[in-house]
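The values are calculated or read from the model by the stated rules, or taken from the named source; none is laboratory data. These figures come from a predicted structure and were not determined experimentally. Cβ atoms come from the backbone with ideal geometry, glycine included; neighbour counts cover every protein chain shown. Just the protein is used for accessible areas: all its heavy atoms, side chains included, with ligands, DNA and RNA removed. Shrake-Rupley method; radii C 1.70, N 1.55, O 1.52, S 1.80 Å.
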Amino acid sequence: MSDPIVPVLDHLASRQAQIESWLKTFLRIPSVSADPAYAGSMDEARRLLCERLRAGGLDHVQLLDGGGEPAVYGEWTGAPGRPTLLIYGHYDVQPADPVELWRTPPFEPTLVGDRLYARGASDVKGSTTVALEVVFAFLAVLRSCPVNIKVFIEGEEETGSPTLRPLIQRHRQLLAADAVLSADGGRASAVTPTINTGARGHAALEIRLRTAAKDLHSGRYGGGVRNALHEMAALLASLHRRDGSVAVQGFDAGARPPTPRQRQDTAAFPYDEAAFFSDVAGASHGEPGYSPRERITLRPALDVNGMWGGYTGAGAKTIIPSLASAKLTARVVEGQDPAQVIQSVLTHLEAACPPGCELDVVALNPGSPAATLPPAHPLVTAAEAVLQTPGGARPVHVRLGASVPITSLFKETLGIDTLMFGFNLPDEDVHAPNEFFRLSSISQGLQAWTRLLDELGRYQPSAFHGN
């Protein structure tokens, strides 16, 4: 018996040049959600996507508004009794700055060997295009799809998805599905097949410390008053012990210890520790008792992202700064409440703040919790069937050290789980100058997404619930 998806795969292979051409058109649109100056480009990206969804055979193509940048939606629901999958991607991108560090124009896609350079190529227009084209190929060749499809492409991911929650709540019925397939998330390795089974959650805090009513002349006051930068530096240093562990009481409250399976999977992932640190000219440091790979994927972390104040211009200015500011983020793991974790950090800072100093909260983001897919979840078992090696080796389960808030948000608002199945790779300079996406990832992604939709079509919708 012939494999019914072979004609679909053949169709995609014959269209790869056209797919790449459309992706380049998509990449030329500077859809930067963070900067209002690009509002026209955001509109242009939405128009392009709507046109492509309609041309690809989706119905009810429309924009979904939650009070910010609208999301693009379309559906095909012609498979009664089969699972309904919500395919997630985002059309917005990071700013290109600093533009002078780009070797090619950030919004003029440039092919160098196998690499397509452009802002948004890896994050995440490349993988989003792959997912969409597979759906279009099924409809073009077979006039049907193994599963029901709802496409949801948001426009605020790069700014923290500030209106995604009200958007989903407003359109809850339209977005109802059995599971989510995300084009965001990426692969952990170009060589070893991996399945993303979760990601750390996050929370954020910005504080301001004042020591005087104004900046002071260091000749008149030096050595006699508190210096805001000195006090901020000491305050932030108190968050960690010398060995790299977090010194905040309650910071790891609720954190579930890594399971034996998680530690086994982490050890099985090919990881060159020396190269990991030498590539960035860094050195290993952090919580004792865990490998570096475990620390960045399975354990909570607290980091100072920025500290500033005083004079930073050219030359010297002999002042004692009266004001210092800092930004911090926490990464949280299974079992933790990110709002509680970041509150424990704030409580620590308030208790450690010395007399005569005033500590204020500028911003506090309670963030989103960690996301986890159980090893036996249908999304995982289907991905394993698709990605296992010809020799039958099981793909390695990995967790992301980064945070993907939509996974926990979809679980909270719609009650459904998410499999991150993007095809970008860790070295593609996401959010940095010279971002790129490999053309080979397009062909690999087209094959894998085709097989994954076919595999998921073998499950009953009820299999995705109750995990």
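Structure data summary
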{"item": "Single condition residue 190 does not satisfy, out of (1) more than 20 Å from the chain's Cα centre (by Cα); (2) among the aliphatic types (A, V, I, L, M); (3) at pLDDT below 95", "result": "(1)"}
{"item": "Matching option when the condition is over 30 Å from residue 144 (Cβ atoms), touching a strand residue (DSSP E or B) at 6+ places or on another chain (Cβ under 8 Å) and not charged (D, E, K, R), among 380, 404, 430", "result": "404"}
{"item": "Number of positions in the range 349-372 that are closer than 20 Å to residue 336 by Cβ and assigned to a strand (DSSP E or B)", "result": "7"}
{"item": "Subset of the range 228-245 (residues that are open to solvent by 30 Å² or more (accessible area, probe 1.4 Å) and either of a type in the set (Gly, Ala, Ser) or closer than 24 Å to residue 357 by Cα (or both))", "result": "229, 230, 231, 233, 234, 237, 238, 240, 241"}
{"item": "Neighbours by Cβ (under 6 Å, 6+ apart or cross-chain): first from the range 24-41, in contact (Cβ under 8 Å) with a residue 12 or more places away in the chain; second aromatic (Phe, Trp, Tyr) and assigned to a helix (DSSP H, G or I)", "result": "30/38; 32/38"}
{"item": "Top-ranked residue in the range 75-119 [being open to solvent by less than 20 Å² (accessible area, probe 1.4 Å) and among the hydrophobic types (A, V, I, L, M, F, W, C); ranked as farthest from the chain's Cα centre (by Cα)]", "result": "79"}
{"item": "Boolean, residue 152 is of a type in the set (Phe, Trp, Tyr) and not in a helix (DSSP H, G or I)", "result": "yes"}
{"item": "Breaking point among (1) under 25 Å from residue 332 (Cβ atoms); (2) outside any loop (DSSP other than H, G, I, E, B); (3) aliphatic (A, V, I, L, M), for residue 174", "result": "(1)"}
{"item": "Some residue of the range 247-260 being assigned to a helix (DSSP H, G or I) and open to solvent by 80 Å² or more (accessible area, probe 1.4 Å)", "result": "yes"}
{"item": "Options 402, 393, 376; residue that is surrounded by fewer than 17 Cβ atoms within 10 Å (Cβ to Cβ), in a loop (DSSP other than H, G, I, E, B) and under 17 Å from the mean Cα position of the chain (by Cα)", "result": "402"}
{"item": "Unique match (being of a type in the set (Asp, Glu), open to solvent by less than 70 Å² (accessible area, probe 1.4 Å) and under 26 Å from residue 174 (Cβ atoms)) among 43, 59", "result": "43"}
{"item": "Identity of the residue in the range 433-457, in contact (Cβ under 8 Å) with a residue 24 or more places away in the chain and either out of contact with any helix residue (DSSP H, G or I) (no Cβ under 8 Å at 6 or more places or on another chain) or part of a loop (DSSP other than H, G, I, E, B) (or both), that ends up farthest from residue 388 (Cα to Cα)", "result": "433"}
{"item": "Number of the condition not met by residue 220 [criteria: (1) farther than 28 Å from residue 358 by Cβ; (2) open to solvent by 40 Å² or more (accessible area, probe 1.4 Å)]", "result": "(1)"}
{"item": "Of the criteria (1) part of a loop (DSSP other than H, G, I, E, B); (2) in contact (Cβ under 8 Å) with a residue 24 or more places away in the chain; (3) more than 28 Å from residue 264 (Cβ to Cβ), which one residue 335 fails", "result": "(3)"}
{"item": "Test: residue 200 is open to solvent by 60 Å² or more (accessible area, probe 1.4 Å) and among the basic types (Lys, Arg)", "result": "no"}
